[in-house]
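Encoded as C-alpha cells, the structure appears first; notes follow it.
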Amino acid sequence: MNREFAFPGTRPRWAPDRVVDIAHIALEIEVDPVKRTVAGTATLRGAVIAPDTRAVELDAVELTIEKVTVGGKTAAFRHDGKKLRIELARPLAAGAELVISVAYRSSPRRGLYFIAPDDAYPDKPSQVWSQGQDEDSRYWFPCFDAPNEKATSEVTVTVPEQLFALSNGTLVSDRTDAGKRTLHWRLDVPHSCYLITLAVGDFAAIETQWRGMPVVYYVERGREAEAERTLARTPEMLELFSTKFGVPYPYPRYAQVFVADFIFGGMENTSATTLTDTVLMDERAALDYDIDSLVAHELAHQWFGDLVTCRDWGEGWLNEGFATYAEYIWREHHEGRDAADLELEEWAEMYFGEDTNRYRRKIATKVFHEPIDIFDHHLYEKGGRVLHMLRHYLGDDAFFGALSHYLTKHRHGVVESRDLARALEESTGKNVDWFLSQWVIDGAGHPELEVEVAWDPDQNLAKITVEQKQKVDAQTPLFRLPTKARFRVGDQDIDHPLDIREAHHVFHVRLDQEPSQIIFDPGRVLLGTLKVEKSEPLWTAQLAHATLGIDRGVAALALAKRGGLEAERALGRSLSRDPYWAVRGSAALALASIRTASARDRLIEALSAEVSPRARRMIAQALGHFIRDAAAGAALASLVERGDASYYVEAEAALSLGKTRTQRASEVLRLAATRDSFTDVIRSNAYKGLAEARDDSALGLLVEGTRWGRVTHGRRAATMALAQLVRGRRDREQRDVRERIELLLTDRDFRVQAAAVEGLCMIADPAAIGALQRLVDHDLDPRLRRRGREVIRDLEAGTSVGEDVKRLRDEIAELRTTTNELRERINLYIAREATPARGAKAKDKGKPENVKEKAKAKDKKKKKR
C-alpha cells in the first residue's frame, strides 16, 4: 500500500526571498522560569540586498512587540501575530547597511519551553530550553526564520542567580547582581537562526578537551557519573569526523546539555547540542546499550547542517542523511563493519515500514504542508542508505575526498542536491546526476530484486540472473544498480562487478573452479528487497564461512525458509559457534521460524549458555515464536522471575513470555510490571506482553499505567497495549479503552499524545475520528497534526488492519508449529526405521528398511490373500 505523501491541496514550499542579508543577530533577554516569560531586545545588523527596499518583514509569532528602531530611530511597524512588517523611513539601495532593534516580550507556547516540578513529578528539575528546528525560533525572538539566512550571533541572558544559561559559542562574561545572573555568549561563525540555542537550569559541568579545545557536558546535578558514562566517546568522535570529513571541527568549543522533557532525542544547535535526559545511562544499561548513534548524529551535524546547511527544508536530507550516515561511520570505526551493517538493516526496516504502511515520496521534495512533515524515515534512514550506496560506488578514497571538497567549497553556505552533485563531479570526475535523480530528486521507492544463482560445471561458469520486479511508474523508476557478486574460491573471496540497468539481466562469470560461496551484493549495500534462489549447500557454506556477518545472517534466514533437518543442524552450529553475537542471534530467530521441538530445545539450551547479552536477548525473542509451548514458556518465565544482568534481556523475555500465551505468563508479567529500569524498558515490555497474552484482566493495570505521574516510556507502552487488547473489537470494553486513549490526545507529554494517535489507529474505530480531528485543529505540534490527518484518512477509507487479521496470523503460526512438530516426528520415525537395531541378525537384512518399502510389502501380502 503506497499512499500519497502530500494531502490534497498541498502546495510547494520554496525558500523565502532575502531582502536583507543579516550579518549578525544579538539577543539581550531576561528569562523568568516561574512566570514562564521571556522579554528583551533582538538586534539584527545586515545589508540590503533588494534595490529600493522600503520595508522589512521578520517572523515573530505570538510576540508582543513594544518598540522597533531602525538605525537608532523609532520606526513604524505592523504586527499581525505572525509577521512583523517594519516600515523604513526612506527607500534603501542595495548594499546599504541596516540595523534593526525590536523590543518585545512573550509567554512562548513553542520554541522556548519551561519545565518545572509538579505534584505528579516532584523531582523534575526547573529548566528552560529552546528548540528552533524547523521554524520555531520565531516563537521566542523576531528573526528571519529560514535556513537560507545565516549570521553570527550573541545571546546575553539574565536568569535567577542560582541557575546557569548555555548558548552558542564561547562565554564572554558571567556576572551576578541583585539576585540575578547575566551570561553573555558569542559565536563568530555564521549559522541559521533555528540553531540559536538557550538552555537554563541548575547544571553541573564536566569538562574535558580535544586537541586543546574545551569539550563540556552539562547535566542536572547529581547525575554527573551518568553523563560521563553516556558521552565518554565524544572526543574520539571529534577526532574521527575531523579526519574523515577532511575539515577539522569548525567551532571554538563543543558542549552537550541534557534537559528534561525534550521533544526530540537531540538537537544539533551550533557548538551546543541539546540531548534528552532520558538517555542518561546507569551501569546496568551500559552493559549492552549505548547512545553513540545519537551522539555521533548530532555531532556530525556540526559539519552537515550547521557549517553547510540545506537551502530550504525540502533539501533537508543534506543535513539529516549525512548525520545519519555518520552513525554508520562511527560504528564502523568503533566496533567494526559487522556492527555498522546492523545499523543499515535497522534503517532499511524503518524505511520499508514507512514506505509500505504510510506513504512513498521522493527524498527531496518541495511539496509538504509543514517542514516537520518530511523529517521522516525517507529523510533520515533512506538518506543514510543512499549515501552508503554512493560510497560503495565511488570507493572510500573518492567518497571521503569528495566530502572534504563539498564542505570546503560550501563552508558557511547553503546548498541543494545539485551542489552536492557538482562537488562530487569536481572531486572525482564522475557524473552522479543519474544516481541522485533516481534515488533523491526525481525517483521514489526502491528496487524489488529477484536473483537466481547457478553453477555450470561443464563450462566453469557462474550464472546470475537478476530481475527488477517493482512496478515502474511516474514515481518509481527502473533503477541502475552498480553492485558485485562475491565468489569464494578455495580460501579467497573474488569480487566481480555487476552493473544492473535493465529489468532483466543475466551475468556469466568464468572461474577456475567451482566456488563454495556465491553471494549477490555482499554486505547488503543496495537498498531494496531481495529474494535469492540458490542451492542449499551454497547457503550452508555462506552461513558457516561468509566474510561479513550480515551475509551469514542472511544465510541463516534463507535456510530457515527451506527447513529440514540439515538446515536445522547448520543453524544449531551457527547458534553455538559463530564468532559474532548478531549472527548467533540471527540463527536463533531462524530456528524459531522452523518451530520444531528440537529447534526449541536448542534455543532453551542457548538461553542459559550464551554469554553475550545482545545475543541472549535475540534468543529470548526467538522463544516468543513458540505459541502455547509449555517448555518455551517455562524457560522464559524462569528468566523473568530470576532477572538478568541486562535490562534488555529481561525485558525481551517478558515480551516473549506474553507471546507464548502459556499458563504462568500473566502472573509473571504482573511481577515484571513492578520493576523499575532504564527507560522503563522492563515494565514497558511487561505491558506489551500482557497484550500479547490477550489477558483482558490486565485492562485495569494498563489503564493505571497510562496515568500522569508515571514514567513516560511506560505510559506510552501501556497506551499501545490497551489498544492492542481491544483492537478490532466493538464491545463495551473497547469503547472504554478508546475513550481513555482519546483523553490522552490532550496529555501534556508529547510522546504520550503520539502513542495515543497510534493507539487509535490500531483500534481502527471510526468513532475516534472526532477526537482526532480536534487534535488536528488545535494542537500546536505539527508532527501530531500530520499523523492525526493520516489516521483520519485511513479510518475514513477503512484501510486500517483489524484484529481479525492479527488473530489469523497467530492461528497460522500455531498451525505451522503443529505441522513442523508432526514433520519432525515423521522424520525421526523414518530415521529410526532406516537404522538397524544393535545386535540385529543377518536374516533381518531382508526386512523393509523404510516406511515406503513396508507399505509395498503389506500390499503384496494383501494381493496374495
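The values are calculated or read from the model by the stated rules, or taken from the named source; none is laboratory data. Everything numeric in this text was worked out from a predicted model, so none of it was measured. For neighbour counting, all protein chains shown are included, and Cβ atoms are generated from backbone atoms with ideal geometry for every residue, glycine included. SASA here: full protein model, heavy atoms, side chains in, ligands and nucleic acids out. Shrake-Rupley method; radii C 1.70, N 1.55, O 1.52, S 1.80 Å.
A dipole drawn for segment 414-456 from +1 and -1 charges on Cβ atoms has a positive end, and of 431, 445, 415 the residue lying farthest that way is 415.
A full extension of the chain between residue 767 and residue 107 corresponds to an added length of 234.0 nm, given 0.36 nm per residue minus the alpha carbon distance.
Placing unit charges on each Cβ (+1 for Lys and Arg, -1 for Asp and Glu) gives the chain a dipole about its Cα centre, and among 574, 303, 316 the Cα reaching farthest toward its positive end belongs to 574.
When the residues 5, 77 are ordered by accessible surface, computed with a 1.4 Å probe over the protein chains alone, the sequence from largest down reads 77, 5.
With Cβ to Cβ distances under 10 Å as the rule, what net charge do the other residues near residue 261 carry (K, R +1; D, E -1)? Neighbourhood net charge equals +1.
Quick one: plug the Kirkwood hydrodynamic radius of segment 11-53 (C-alpha pairs) into Stokes-Einstein at 37 °C, 0.692 mPa s, and report D in µm²/s. In µm²/s, the coefficient is 246. Projected onto planes of every orientation and averaged, the convex hull of the alpha-carbon atoms in segment 340-409 covers 6.0 nm². Scaled against the 2.2 N^0.38 Å expected of a compact globular protein of N residues, the Cα radius of gyration of segment 540-672 reads 1.00. Counting only DSSP H runs of at least 4 residues, each contributing -39500 (n - 2.57), and dividing by the residue count of the chain, the helix-based mean residue ellipticity at 222 nm comes to -13000 deg cm²/dmol.
Modelled spin-label separation between residue 350 and residue 609, with each label point placed 7 Å from Cα along the Cα-to-Cβ direction: 3.5 nm. Based on the alpha-carbon gyration tensor of segment 190-262 and its eigenvalue square roots a ≥ b ≥ c, which shape applies: rounded if a/c is under 1.5, prolate if not and a/b is larger than b/c, or oblate? Since a/c reaches 1.5 but b/c is at least a/b, the shape of segment 190-262 is classed as oblate. Ranked by the mean number of other Cβ atoms within 10 Å per residue, highest first, peptides 136-142, 173-179 order as 136-142, 173-179. Accessible surface for residue 405 stands near 60 Å², nearest 10, in the context of the full protein assembly shown (1.4 Å probe). Considering only alpha-carbon pairs that sit under 8 angstrom and 6 or more positions apart, the relative contact order computed for segment 17-90 is 27 percent.
Work through the residues other than residue 533 whose Cβ is under 14 Å from its Cβ and net out their charges, Lys, Arg +1 and Asp, Glu -1. Once positives and negatives cancel, what remains is +2. Between residue 204 and residue 493, the contour length at 0.36 nm per residue exceeds the alpha carbon distance by 98.8 nm. Listed peptides 755-764, 287-296 appear in the order 755-764, 287-296 once ranked by packing, highest mean of other Cβ atoms within 10 Å at the front. Summing charges over all other residues whose Cβ lies under 12 Å from the Cβ of residue 700, with Lys and Arg as +1 and Asp and Glu as -1, gives -2. The order of the peptides 769-775, 341-347, 88-94 by mean Cβ neighbours within 10 Å, most packed first, is 341-347, 769-775, 88-94.
The distance linking segment 537-590 with segment 201-265 is 40 Å (Cα centroid to Cα centroid, whole angstrom). Give me the angle, in degrees from 0 to 90, between the Cα long axis of helix 396-409 and the longest principal axis of the Cα atoms of the chain, rounded to the nearest 10. With both axes taken from Cα atoms, the answer is about 10 degrees. Cα centroid separation, segment 460-503 to segment 162-176: 57 Å. In the calculated pair-distance distribution of the chain, the portion above 45 angstrom amounts to 34 percent of the Cα-Cα pairs. Charge dipole of the chain (Cα centre as origin; +1 on each Lys and Arg Cβ, -1 on each Asp and Glu Cβ, all else neutral): 3900 debye, rounded to the nearest 20.
Extension gain for residue 777-residue 30 works out to 265.7 nm (0.36 nm per residue, less the C-alpha to C-alpha distance).
Modelled spin labels at residue 69 and residue 460, positioned 7 Å past Cα toward Cβ, are 8.8 nm from each other.
Choose one of 133, 769, 590: the residue whose Cα lies farthest towards the positive end of the charge dipole of the chain (beta-carbon charges +1 Lys, Arg; -1 Asp, Glu; about the Cα centre). The listed residue farthest towards the positive side: 590.
Inter-label distance, residue 161 to residue 704: 4.7 nm, where each label sits 7 Å from its Cα along the C-beta direction. Under the rule a/c < 1.5 gives rounded, and otherwise a/b versus b/c splits prolate from oblate, where does segment 261-337 land using the Cα gyration tensor? Oblate, since a/c reaches 1.5 and b/c is not below a/b.
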